[in-house]
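Asker: Here's a structure for you.
The values are calculated or read from the model by the stated rules, or taken from the named source; none is laboratory data. Keep in mind that what you see is a predicted model, and the values were worked out from it rather than measured. Counting neighbours? That spans all protein chains shown, and the Cβs are built from the backbone with ideal geometry, glycine included. Heads up: the accessible areas ignore ligands, DNA and RNA and are worked out on the full protein's heavy atoms, side chains in. Shrake-Rupley method; radii C 1.70, N 1.55, O 1.52, S 1.80 Å.
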Amino acid sequence: MSTDNTISTGVEITDEEMRSIQDAIMKRYSIDFFNYEPKSFKRRLQRIYRKFNFTSSFDLWSRTLKDKDFVHDFINEVSVGLTSLFRDPEFWQTFKKVCKDHFSEQYRINVWHAGCSSGEEIYTSAIVWDELGFTGKVKSIATDISSNALKTAASGKIIQAKLPEYERNLKLYQSNARLDKYFTEGEGGIVFIPKFLEKVTFKNSNLIMEDYGDNQYDIIFCRNVLIYFDGPAKEKVIAKIYRALKPGGFLIIGFLDSMLSYLTDEKFEYYDLRQRVFRKR
Ligand SMILES: C[S@@+](CC[C@H](N)C(=O)[O-])C[C@H]1O[C@@H](n2cnc3c(N)ncnc32)[C@H](O)[C@@H]1O
């Protein structure tokens with residue numbers, strides 16, 4: 001039977017071993033994984049053990065130190081990219097209204113997708129902006145720690161098998177909306193029509209390590225990313241987001257992100273708590 005420390009290969013990962021791997025990555029690559037929630041980080045390590053046939057934490061630790069390229073595989077496995085087009089359809093109805101009410105008159109809208117994964121959140125917001133006639137005026141930056149996820153996001157490619165799920169979500173968002181206006185047959189599968197990604201910049205970036213400037217963004221999406229972070233890391237990232245938002249700018253988090261205690265009333269207006277929309281005061 002498996003416990004939190006035991007992986008299916010029969011090898012146990014103790015807290016000390018987990019920390020020594022985090023320590024090796026920090027020392028060798030200056031990448032900080034200390035703030036990930038331990039249980040969930042151990043589960044990611046289990047996946048890495050299975051995928052790369054490691055038989056002990058020592059093997060993983062020494063490969064981390066010796067093989068410079070391995071860190072990319074490591075990061076891609078540690079990050080969990082679960083996402084969907086029109087994920088939480090009701091939220092997107094609220095989002096459309098927020099944009100219509102607050103940005104119709106604005107000439108330029110600056111947006112940051114923090115933890116964009118394989119791009120579905122970017123495509124969804126682009127569809128909403130197209131519906132509102134905002135396409136040319138939205139400039140976005142999309143960041144993620146996973147280079148694989150970013151590559152997929154920038155390519156616009158979607159997995160064909162996920163189309164029924166996307167269509168279901170889309171219908172829940174708006175019953176007469178159609179996907180074929182936004183996706184087309186491209187090289188090697190179905191792709192999001194490139195003109196909708198023209199003003200999106202993709203950037204590999206670790207939320208914990210990087211600074212994102214002051215008063216830059218009208219909207220920041222940080223949905224279902226901080227869920228894997230511990231309290232101090234959440235606090236740190238929320239402080240960066242707060243600084244990066246313009247006064248009156250909107251922060252959008254995921255339904256499972258438990259971080260209300262960090263979104264203090266003094267800094268954020270709870271604009272729509274049910275749909276997880278907050279506004280910088
Ligand atoms: C579950 S996905 C969320 C995708 C999208 N925001 C959504 O809600 O559908 C979480 C993403 O956060 C990224 N991520 C995890 N830790 C990160 C970090 N420290 N810095 C930047 N991105 C990170 C993962 O690589 C993954 O793509």
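Asker: Would you work out which of G186, F250, C116 lies farthest towards the positive end of the dipole of the chain, given +1 charges on the beta-carbon of Lys and Arg and -1 on that of Asp and Glu, about the Cα centre?
Answerer: Projecting each Cα onto the dipole axis, the largest value belongs to G186.
Asker: Taking 22 Å as R0, compute the FRET efficiency from the Cβ-Cβ separation of R168 and R108 and round it to 0.05.
Answerer: Rounded to the nearest 0.05, the efficiency is 0.05.
Asker: When the accessible area of the chain is split by element with a 1.4 Å probe, what percent falls to carbon and sulfur?
Answerer: 50 percent
Asker: Could you put T64, T184 in order of accessible surface area, largest first, with the 1.4 Å probe and the full protein assembly present?
Answerer: So the residues, ranked largest to smallest area, are T184, T64.
Asker: Can you send over the solvent-accessible area of V80, 1.4 Å probe, protein chains only, in Å² to the nearest 10?
Answerer: Number for this one is 50 Å².
Asker: Another one. May I ask you to order 121-129, 140-148 by the average number of other C-beta atoms within 10 Å around their residues, highest value first?
Answerer: So the peptides 121-129, 140-148, ranked by packing, come out 121-129, 140-148.
Asker: Which of the pairs K139/K236; K240/K267; K137/K199 have their Cα atoms more than 19 Å apart in this structure?
Answerer: K139/K236
Asker: For segment 89-280, give the magnitude of the charge dipole about the Cα centre (Cβ charges: +1 Lys/Arg, -1 Asp/Glu; no others), in debye to the nearest 20.
Answerer: 220 debye
Asker: May I ask which residue of Y49, F221, W129 lies farthest towards the positive end of the charge dipole of the chain, with charges of +1 (Lys, Arg) and -1 (Asp, Glu) on Cβ and the Cα centre as origin?
Answerer: Value: W129.
Asker: Evaluated at 25 °C with a viscosity of 0.890 mPa s, what Stokes-Einstein diffusion coefficient in µm²/s does the chain have when Rh comes from the Kirkwood expression over alpha-carbon pairs?
Answerer: Roughly 122 µm²/s, to the nearest whole number.
Asker: Using a 1.4 Å probe on the protein heavy atoms only, what accessible surface does H102 show? Give it in Å² to the nearest 10.
Answerer: 60 Å²
Asker: Can you say what percent of the DSSP beta bridges in the chain, counting only those with both residues inside, are antiparallel? Round to 5.
Answerer: Percent antiparallel among DSSP bridges in the chain is about 40.
Asker: Could you tell me the relative contact order of segment 89-280? Use alpha-carbon pairs under 8 Å, at least six residues apart, and round to a whole percent.
Answerer: Relative contact order for segment 89-280 comes out at 22 percent.
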